[in-house]
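The values are calculated or read from the model by the stated rules, or taken from the named source; none is laboratory data. Source: prediction; values computed, not measured. Here the Cβ positions follow ideal geometry from the backbone for every residue, glycine too, while neighbour counts run over all protein chains shown.
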Amino acid sequence: MTPFRRQTGSDQRDNATMARRLRKTVVMVGMMGAGKTAIGAAVARALGVPFLDSDHEIERAANATIPEIFERYGEPFFREKESQILSRLLDGAPAILSTGGGAYLAERNRIAITARGVAVWIRATPELLWARVRHKDTRPLLRTADPRVTLETLIASREPAYARADLTVDAGPDLSIEAMADRTIGVIATRPDVLESR
């Protein structure tokens with residue numbers, strides 16, 4: 001696994017960043033391994049807003065892990081619960097929300113996100129994604145005979161949907177979590193209806 005490099009002094013945020021107010025929920029979308037959770041949590045800390053993870057909320061509601069839900073009930077059941085949780089979270093106060101890799105594929109989820117928040121695609125290369133997920137056994141969709149080919153197939157099929165996101169941030173293999181968070185905030189700041197200066 002290729003982890004994010006961490007920088008010291010991460011709590012020392014730029015004053016300009018701290019003087020902004022989030023007006024809509026920012027929904028992080030993209031492939032597994034792109035860094036949605038780590039980057040989203042760092043963005044939330046920098047902006048002083050809550051961080052939410054839709055997969056965690058699904059697990060909590062079902063009292064089961066994502067792999068267990070897939071195994072017991074199947075993917076269609078999981079996707080239905082995912083949409084319900086996503087809708088509930090979008091109704092809350094503005095926050096940074098990380099979603100599972102398949103959440104943005106459903107048209108109803110895309111419509112809900114754009115209507116009530118903003119979608120940010122964390123775009124990463126296939127090589128970077130594979131480096132991050134190849135040693136993990138918590139990805140139900142990669143439990144195949146050739147997980148790398150499966151991952152590449154998923155990327156090819158999903159990227160057209162991710163490309164519909166409102167904003168895009170490119171992940172870099174040599175960037176720390178904090179650097180990616182700063183890059184993401186910079187992109188979000190191009191939308192004053194989402195992130196306004198106080």
Pull up the stretch 56-85, narrow it to residues that are of a type in the set (S, T, N, Q) and not in a helix (DSSP H, G or I), then point me to the one that is surrounded by the most Cβ atoms within 10 Å (Cβ to Cβ). T65
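With the structure loaded, tell me whether L141 is closer than 21 Å to V27 by Cβ, modelled with pLDDT under 90 and out of contact with any Pro (no Cβ under 7 Å at 6 or more places or on another chain) or whether it fails that test.
In short, yes.
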Filtering the stretch 159-176 down to residues that are modelled with pLDDT under 95 and either of a type in the set (A, V, I, L, M) or in contact with a helix residue (DSSP H, G or I) (Cβ under 8 Å, 6 or more places away or on another chain) (or both) yields A171, G172, P173, L175
Any residue in the stretch 38-58 that's without any contact (Cβ under 8 Å) to a residue 60 or more places away in the chain: show its pairings with residues that are assigned to a loop (DSSP other than H, G, I, E, B) and polar (S, T, N, Q) at Cβ separation under 7 Å, as long as the two are six or more apart or on different chains. S54/T99
All but one of (1) more than 21 Å from A41 (Cα to Cα); (2) surrounded by 14 or more Cβ atoms within 10 Å (Cβ to Cβ); (3) modelled with pLDDT of 95 or more hold for P147; which doesn't? (3)
A95 passes all but one of (1) surrounded by 13 or more Cβ atoms within 10 Å (Cβ to Cβ); (2) over 19 Å from E57 (Cα atoms); (3) touching a Phe, Trp or Tyr at 6+ places or on another chain (Cβ under 8 Å); which number fails? (2)
Enumeration of residues in the stretch 165-188 that are more than 15 Å from G40 (Cα to Cα) and aliphatic (A, V, I, L, M): A165
Among the residues of the stretch 106-118, which ones are in contact with a Phe, Trp or Tyr (Cβ under 9 Å, 6 or more places away or on another chain) and either surrounded by fewer than 17 Cβ atoms within 10 Å (Cβ to Cβ) or not aliphatic (A, V, I, L, M) (or both)? R110
Pick from E152, E178: which is free of Cβ contacts under 8 Å to residues at least 40 places away in the same chain and charged (D, E, K, R)? E152
Please report, ordered by residue number, the helices (runs of 4 or more DSSP H) entirely within the stretch 86-198 with at least 1 residues that are of a type in the set (A, V, I, L, M) and more than 26 Å from E75 (Cα to Cα). 177-188
